[in-house]
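Just so it is clear, none of the values below were taken in a lab; they were calculated from the coordinates. None of these values were measured; they are calculated from a predicted model. Neighbour counts are summed over all protein chains in view; Cβ atoms, including those assigned to glycine, are modelled from backbone coordinates with ideal geometry.
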Amino acid sequence: MKNRLLKLWHQDGTRSVMASVLSILAGLVAGSLIILIVGICNPTLGLKSVWDGVRLIFGGLFATGRNAAGALTFGFNPASVGNMLFRATPLILTGLSVAVAFKTGLFNIGAPGQYLAGTAATLFIALSIPSSVVPPQIIWFLAFFGGMLAGALWGAIPGMLKSLLNINEVLACIMTNWIAANLVTWVFDISNLKNVVENTKSGYIYKTTFNNVATSKLGLDLIFHDSQVNGGIVVAAILAIIVYIILTRTTFGYQLKACGSNRFAARYAGIKDKRNIVLSMAIAGSLAGAAGSLYYLSGNTEFFWSTYQSLPATGFNGIPVALLAANHPIGVIFTGMFMSMLDISGLQMTNLTAYNEYITDVIIAVIVYLSAFSLLIKTLLGHRRAHKTDAPLKNPDPDGTQADSKADGKEALKA
Amino acid sequence: METLFENLTSGSMVFLIRQTLIYAVPLMIVALAGVYAERSGVINLALEGIMIFGAFIGVLFVRLVQQWGWFDAVKAADNWVGLQGFMLMTMAVAAILGALFSLLLAFAAINLRADQTVGGTALNLLAPALVLFLIRLIANQNTLQMATGDSASWFMLKKSMFGYGRTDEVGFLFDTFVNKVYLATYVCILVFIIMSVILYCTRFGLRLRSCGENPQAADSLGINVFKMRYAGVTISGALAGMGGFVYALTTTNCTSNGDVAGFGFLALAVMIFGNWKPLSVAGAALLFGLFKCIAASYGSLYVLNGAGEQIYFLKDLGINTNFYRLLPYLITLIVLAFTSKSSRAPKAEGIPYDKGSR
């Protein structure tokens, strides 16, 4: 048993997880340190508020407010957990988008643009088809797939520029992001979907519920009262599993990864690298599009249409989600939830203390910074492994001990 | 002929040139920042983040000095030499802090051999987060402003400073290039020229560039690749930090809100567009600045016809505002599509230097 655990420990995946966990812990500690420094430098905040802030950084999800004595209380907070799941939905999908592109050796910084393209297509379809003629469920499906398709098309543009004209995909993505931001503003500017019924909502598009279209709650709202949770999180998880299957169990996925490892070797092996780059970006785009689509199909979110000066942060936050998961599609589900949990912690921080939610963005940045050299952390973790496995390698018996230990490792993982 | 001359010296033209310079100059200087880092072999995706940080530091410095009251007397006496000196000092502070901030990237990329794209992304996430966190604590809102007045009343060059009255007519050249212009614009152009000369005409510049092309060969000739790359990234950080403050000063009225409207990324585009060469970078920045300026103010641009009437030709076309807004980005993509074949990035950029590899 101990042997098996040891082998599990020595798996590459385990070390990836360990590296990520270490990065997360370091990020949280860094955030706490900043709070400590600010608290000490600013006498009006004081040490008590530092203690509150640090507790919220680590357990903001479970904060339930303050009691009569003014002390923080903790416990199961259904609204927070539900909102965490709701906010995780687009993060998981943009994270998947970035991860898929990474697997093909592309840095998809274009997720914000694809997210906007998906949002626009979804809102147009969901609000333009009258629900009195077509059943809302069918409109929902049309809107969702329309959003994915729009995202895919928008993602395919930098893909084609990269593969056909050899334009740096980072640059092409940045340009298409801003073009998308302006185009979306333009189409909504001339559309008749601007919310003119509620005059407090100037600058916003109608909610999809104006046309009776909304993602089914699937009963999740019964568990998490007073939260925005809906079936979108399930859709996101299913998409993550589909991506995982495509990447690990199909020839197509193998070809994508081969292009990522070495484009020229892949071409030599007869893989159509240019086609694969475009397809990879299209898939990435469709996932980012789905993120926007699900976020605005929830029925309780409104889209601020005059967005030409800013790009949606959800798109950029896909990058840390993917990096933290080491680009593993299943891992993305968990890191996406972790990121949205930090979001909730930040909100609680703003509500309950003198600090504000931007400290969680600092934490995310520190985590990404550390994950930039996660390879180094992995090697450091692996150092101990090298010492321990030295012994069997020195074994004079050349019966392929290494191959055996690998097979054992796999079994250990299954068990 | 006369109409042409009148057109070239009209109020519209003065406005166009001024505005184009305002957009082009921060782009130019930050693109040069990118050139320095990449020519030394490190991809600096963090330009945006460093700009945001530099803008914040600059505005904070102005605010603090104003609050200490050091420059109130100078301002009251309208001593413009003192005020411009104050502005130059702020630019220097933004540059120094920008350089310090960029050390984070240098450490990760050079010492720890981390993925430079990811490291840069981390800085891009860190800067707005940290800046907004602090702004909220300092100002209790999402924007940090000057303590008193606005950037125009404090730092702009005005004709009154040169002995002209408020209603005096001044020549076209004076009106375009001196009146209501920030001295920072010219300081940036000067710095741009000096840094370009350093990159191309000095031993240091040659050594720096060699580290981005073939670090192994450079090392074999006794050049310390690590030091050179540190120099490249630090200079890059200083230029980007300064550019960030100049952006905040000239386009957002000396305020900081954790955002520079994607200028850092645009500078990256300008750098690639300009093929990593200072002169082409300057040209690309001017082109981009011109289109940015048209997008912001196409409605008020006019030409004079033979009868001396003002024709608002762009407004009369009746094209949607949003089209002009997306034009700079679209044109960059199209031009890149045509020029990408001749694009030549520094050979060793993005590859951590490893003494042992061949």
**Reciprocal of mean inverse Cα separation for segment A:33-85 (Kirkwood radius, Å)** = 12.1 Å
**Fill in**
Quick calc: nm separation of the 7 Å Cα→Cβ label points for residue B:76 and residue A:264 -> 7.1 nm
**Complete:** Short to long, in 10 Å steps from zero, the percent of alpha-carbon pairs of the protein assembly as shown per bin is 3, 12, 21, 25, 21, 12, 5, 1, 0, 0, 0
**Prompt:** So which DSSP H runs in chain A come out at 24 Å plus along the axis (Cα) with average Kyte-Doolittle of at least -0.5?
**Reply:** A:12-41, A:78-103, A:111-128, A:136-165, A:169-189, A:232-249, A:273-297, A:329-352, A:374-394
**Fill in**
Cα-based Rg then Dmax for segment A:64-220, in Å, read 19.5, 66
**Asked** Which value, in Å³ per residue, describes the convex hull spanned by the Cα atoms of segment B:40-118?
**Response** 93 Å³
**Fill in**
One quarter of the C-alpha convex hull surface, i.e. the mean projected area of segment A:79-327 in nm², amounts to 14.0 nm²
**Message:** Give me the net charge for the shell around residue B:40: Cβ to Cβ below 13 angstrom, other residues only, Lys and Arg +1, Asp and Glu -1.
**Reply:** +3
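Ranked highest first by the average count of other Cβ atoms within 10 Å around their residues, in what order do B:26-32, B:294-300, B:84-90, A:144-150 fall? Mind dumping the intermediate values first?
Working: B:26-32: 30.7, B:294-300: 16.1, B:84-90: 18.0, A:144-150: 23.9.
Going from most to least packed, we get B:26-32, A:144-150, B:84-90, B:294-300.
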**Message:** Once each part is reduced to its C-alpha centroid, what is the distance from segment A:6-84 to segment B:174-207 in angstrom?
**Reply:** 47 Å
**Asked** Of the listed peptides A:260-272, A:300-312, B:256-268, A:350-362, what is their order by residue-averaged count of other C-beta atoms within 10 Å, with the highest listed first?
**Response** B:256-268, A:350-362, A:300-312, A:260-272
**Asked** Using 7 Å Cα-to-Cβ label points, what is the residue B:204/residue A:33 separation (nm, one decimal)?
**Response** 3.1 nm
**Message:** Could you tell me what a quarter of the Cα convex hull surface of segment A:215-338 works out to, in nm² with one decimal place?
**Reply:** 9.6 nm²
**Prompt:** residue B:181's amide H: which non-local residues (gap 5+, or another chain) put their own amide H closer than 5 Å, with H modeled 1.01 Å from N in plane and none for Pro or chain starts?
**Reply:** B:157
**Asked** Can you work out ³J(HN,Hα) from phi for every residue in segment B:61-70, in order, using Karplus 6.51 cos²θ - 1.76 cosθ + 1.60 and θ = phi - 60°, giving whole Hz and x for Gly and Pro?
**Response** 5, 4, 4, 5, 5, 4, 5, 6, x, 4
**Request:** Kindly give the semi-axes, whole Å and largest first, of the ellipsoid equivalent to segment A:332-380, taking each as the square root of 5 times a Cα gyration tensor eigenvalue.
**Result:** 26, 13, 6
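With the cut-off at 14 Å, report for segment A:141-217 the share of all Cα pairs above it, as a whole percent.
73 percent
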**Item:** log10 of Debye I(q)/I(0), alpha-carbon scatterers only, for segment A:57-113 at 0.16, 0.22, 0.28, 0.29 Å⁻¹
**Value:** -0.65, -0.83, -1.05, -1.08
**Message:** With angles folded into 0 to 90 degrees, how steeply does helix B:225-251 sit against the dominant principal axis of chain B? Use alpha carbons for both and round to 10.
**Reply:** 20 degrees
**Request:** Could you work out how far the C-alpha centroid of segment A:273-317 sits from that of segment B:243-296, in angstrom?
**Result:** 26 Å
**Asked** Counting only Cα, what are the radius of gyration and maximum Cα-Cα distance Dmax of chain B, in Å?
**Response** 21.7, 75
**Prompt:** What nm distance separates the two modelled labels at residue A:221 and residue B:323, each placed 7 Å from Cα along Cα→Cβ?
**Reply:** 4.4 nm
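Find the Cα radius of gyration of segment B:242-316, compare it with 2.2 N^0.38 Å by division, and give the number to two decimals.
1.43
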**Asked** Ranked highest first by the average count of other Cβ atoms within 10 Å around their residues, in what order do B:281-289, A:176-184 fall?
**Response** A:176-184, B:281-289
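So for chain A, Kirkwood radius off the Cα pairs, Stokes-Einstein at 37 °C and 0.692 mPa s: how many µm² s⁻¹?
141 µm²/s
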**Quarter of Cα convex hull surface for segment A:191-238, i.e. mean projection, nm²** = 4.9 nm²
**Item:** Structure-based [θ]222 nm, the protein assembly as shown - -39500 (n - 2.57) summed over DSSP H runs of at least 4, per residue, nearest 500
**Value:** -23500 deg cm²/dmol
**Asked** Amide H neighbours of residue A:74 under 5 Å, counting only residues 5+ apart in sequence or on other chains, H built in-plane at 1.01 Å?
**Response** A:64
**Message:** Please report, in whole Å³, the volume per residue of the convex hull around the C-alpha atoms of segment B:181-279.
**Reply:** 110 Å³
